[in-house]
Structure formats: C-alpha cells, structure tokens
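The values are calculated or read from the model by the stated rules, or taken from the named source; none is laboratory data. Everything quoted here is computed from the prediction, not taken from an experiment. All Cβ positions, even for glycine, are placed from backbone atoms using ideal geometry, and neighbour counts span all protein chains on display.
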Amino acid sequence: MKTIQKKYVLKRIKQTVLIFISLLVLSGVTAFPLQTELNFLANSVDAETPGLLGNWIIEVSDAINFVSTDYPFLAYGTDWLAFAHIIISIFFIGVYIDPVKNIWVTKTGVIACLLIFPVAFIAGWVRGIPLFWQLIDCSFGALGLIPLLMIHKNTQKLIPTT
C-alpha cells in the first residue's frame, strides 16, 4: 500500500476511533444522573395516552424514585456502569495510537457488541424487561458494531502482507 493511501486509511481509523470513544464516554456519563433523566422523561410523557414506552418510562422512574428514597446506595451500581464505559473507552486510545498493534482491542470491542444480544435477551427475560426495551439495548450493540467493523476493516489494510 502506498504511503499516501496508508495516511488516508490511518486518518479514517483515527476519526472513527474518536467518534467511538466520544459516544462510549457519553453513553456512560448519562448513567450518573439516571434518576434525574428518568424523572424528566416521565414528566414529559403525556399522562392521557402514554403508550407502551411511556408506561415503561413512568414505571422505571417510579421504581428508581422509590428505591432512591430508601436505598440510595443502589445507584452506586449505575455509577460503576458509567465508570466502566469510561475505562473501556481508554483502551481505544491504544487503537487511536497504533491500530495494528492494538487490533486485539478492536476485536474485543466487536465481541462485546455481539455479546450484548444474548445478555439483553437472557437477563432481560429473567428481570422481566419488556421485549421492546431489550431490542433498544441490543441497538447499542448493533450501532457499536458499525464503527468497530469499519476500524477493523481499515486496520486490516495497514497490516503488511508477506
């Protein structure tokens, strides 16, 4: 591969990695103010005709408010969820710096996105989460696959063939 082509491919990888890191951090940080966000959403739902999604948001908001009153320490779990997203994003800095050397991080990310599906369906069923919400959770895996597969495909172009 020519040097100009390599520079272009590397630039595309870096841009995609930065977008992926930003979205991963953003999705994690939104777990910190979960109660505030749910209360906002619940207050935004039309009380007359909330629908399936609206009913679910109100139910979850009520549950979070109830639990937060008597057991505020349970929110600590979502704090760790947010922290985990931030930590995972740090691994992708290595992909940004050297995508070939750190292709294992990209592959691990692809596997993680694929594993969202069985976790969402199994844990969702066990916990009584409605199917439509399990599908929303699965969409994070599907959407995460898009940039990761682009990064992987472009990284493969940088690996020298013998």
TODO: Could you tell me which numbered condition Leu26 fails, if it satisfies all but one of (1) farther than 18 Å from Asp137 by Cβ; (2) surrounded by fewer than 12 Cβ atoms within 10 Å (Cβ to Cβ)?
DONE: (1)
Task: Subset of region 9-23 (residues that are touching a Phe, Trp or Tyr at 6+ places or on another chain (Cβ under 8 Å), under 12 Å from Pro99 (Cβ atoms) and surrounded by fewer than 18 Cβ atoms within 10 Å (Cβ to Cβ)) - done: Lys14
Task: Criterion: surrounded by 13 or more Cβ atoms within 10 Å (Cβ to Cβ) and modelled with pLDDT under 95 - qualifying residue of Ala112, Ala75 - done: Ala75
Open item on the list: It is to be established whether one or more residues within region 50-65 are over 22 Å from Arg127 (Cα atoms), out of contact with any Lys or Arg (no Cβ under 8 Å at 6 or more places or on another chain), modelled with pLDDT under 95 and of a type outside the set (A, V, I, L, M).
Closed with: yes
TODO: Can you confirm whether region 60-72 contains a residue that is over 24 Å from Ala42 (Cα atoms) and touching a helix residue (DSSP H, G or I) at 6+ places or on another chain (Cβ under 6 Å)?
DONE: no
- [ ] All but one of (1) surrounded by fewer than 17 Cβ atoms within 10 Å (Cβ to Cβ); (2) not in a helix (DSSP H, G or I) hold for Ala63, so report the exception by its number.
- [x] (2)
TODO: Search region 97-121 for residues being in a loop (DSSP other than H, G, I, E, B) and free of Cβ contacts under 8 Å to residues at least 24 places away in the same chain, and hand back the single one that is nearest to His152 (Cα to Cα).
DONE: Asn102
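Within region 53-96, can you find the residues that are acidic (Asp, Glu) and touching a residue at least 24 places away in the same chain (Cβ under 8 Å)?
Asp79
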- [ ] Return yes or no: is Val126 exposed (fewer than 14 other Cβ atoms within 10 Å of the Cβ) and at pLDDT 95 or above?
- [x] yes
